[in-house]
Structure formats: C-alpha cells, structure tokens
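Input: a single structure, listed below in structure tokens.
The values are calculated or read from the model by the stated rules, or taken from the named source; none is laboratory data. Computed from a prediction, not measured in an experiment: that's the story for all the values here. Glycine also receives a Cβ, built like all others from the backbone with ideal geometry; neighbour counts cover every protein chain displayed. These accessible areas exclude ligands, DNA and RNA; they are computed on the full protein's heavy atoms, side chains included. Shrake-Rupley method; radii C 1.70, N 1.55, O 1.52, S 1.80 Å.
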Amino acid sequence: MGEQARYEELIRQFSAFGAVKRELGRMMPSDCPAGSAAVLTLLGRYGDMRMSKLSELLAVDMSVTSRHVAHVVERGWIERSPDPADRRSRILRLTPAGRALLDQLSRRTCLMLAERLGDWSDDEVAQLTALMARLRASFDDTRSHDTRAHGPEPRPPAPLVLEQTTRTPAITK
C-alpha cells in the first residue's frame, strides 16, 4: 500500500471531524465563541498567567490572543492586573463570573459527550483520548522541528499521556 493511500481515510476523517467541532460550537453561548472558551479553559487549567504564556498555549499569534483576551475582559470573565515582577506586563486571571461560565461550559460539554459516546466502553473512550493526545503531540513535535533552522533544537517527542486537550473549549480540569 502506498503512503498516500495509507493516509487517505485519515484525511477524510479529519474533514468529517468538522461536524463534531461545529456541534461543540453550537452549544456555546452566543457571546462565548471558541477562542474565548479556550482562554477560559486554559486559565482554569493552568491558573493565572501572562499574555505571552497564554499565546503560547493557544498556539496563536499574540495579536489573536489579545483579541480573545479583550473579548473576555469586556464580559467580566477575566481580569488583567499588573505583573509584580514586570509592571509592563499583565497577569490574566479568571473572575468568579469566568469560573462560573467555565464550569457551565464544562458541564454542557461533558453531558453532550456522555450522550454521544454513551454506547462506547470506558476502554474505547480512554483509547480515543490517548490517541488524540498522541496525535496532538506529534503535531507539536512537527512545529518544533520546523524551527530547527531558525530556532532552538527540537524537543524530544512528548510521552503518551492521557490528558485533556487544551485546544477544545470547555474541557474539565
């Protein structure tokens, strides 16, 4: 079997996965798009952080991160305060309203997944989680390999760890 044929079905499944992402997006409140939910999720998972760290975790440009942060600040879900170590920087933190919204989004997401995957065994859900984490780590490795000529040495491959993604909004901690 040729290399192209080996991956064709995987490519089709990636395209079809858009339906899952769209359904997840439809369950979000209208004033909380996916980028905002991702900001809340990361702050909920990792705690207070600088905008530069958030941008790194989101794997997007700082200007995109700034737009997402402005949106959630306007709604009172996070606050920015001066960084004691560097007054030019700001520390981002969830507000009680942001924590409540994050908890609500997490419950909604878990209920939907439980409904859709209700006929899956625990082992099948664990296997899917492990494979998705491994896939994501492979793409993270690719990003670091692309910087070899222009940046630091690539890091070793990430170990296979059962963890929740940081790229999907409203994941529980």
**Any chance residue 47 is within 16 Å of the chain's Cα centre (by Cα), surrounded by fewer than 13 Cβ atoms within 10 Å (Cβ to Cβ) and more than 21 Å from residue 136 (Cα to Cα)** = yes
**Fill in**
Residues in the range 74-113 that are modelled with pLDDT of 95 or more and among the small types (Gly, Ala, Ser) total 4
**Request:** Hey, can you tell me all the residues within the range 88-114 that are open to solvent by less than 30 Å² (accessible area, probe 1.4 Å) and over 20 Å from residue 54 (Cβ atoms)?
**Result:** 109, 112
**Residue list for the range 50-62, filter: surrounded by fewer than 21 Cβ atoms within 10 Å (Cβ to Cβ) and outside any loop (DSSP other than H, G, I, E, B)** = 50, 51, 52, 53, 55, 56, 57, 58, 62
**Request:** Being free of Cβ contacts under 8 Å to residues at least 24 places away in the same chain and either β-branched (Val, Ile, Thr) or closer than 25 Å to residue 131 by Cα (or both) narrows it down to one of 9, 23, so name that one.
**Result:** 9
**Request:** Enumerate the helices (runs of 4 or more DSSP H) found wholly within the range 1-48, keeping only those where 2 or more residues are in contact with a helix residue (DSSP H, G or I) (Cβ under 6 Å, 6 or more places away or on another chain).
**Result:** 34-46
**Message:** For the range 63-76: of the residues being under 24 Å from residue 21 (Cβ atoms) and either not in a helix (DSSP H, G or I) or not hydroxyl-bearing (Ser, Thr, Tyr) (or both), which is most open to solvent (accessible area, probe 1.4 Å)?
**Reply:** 67
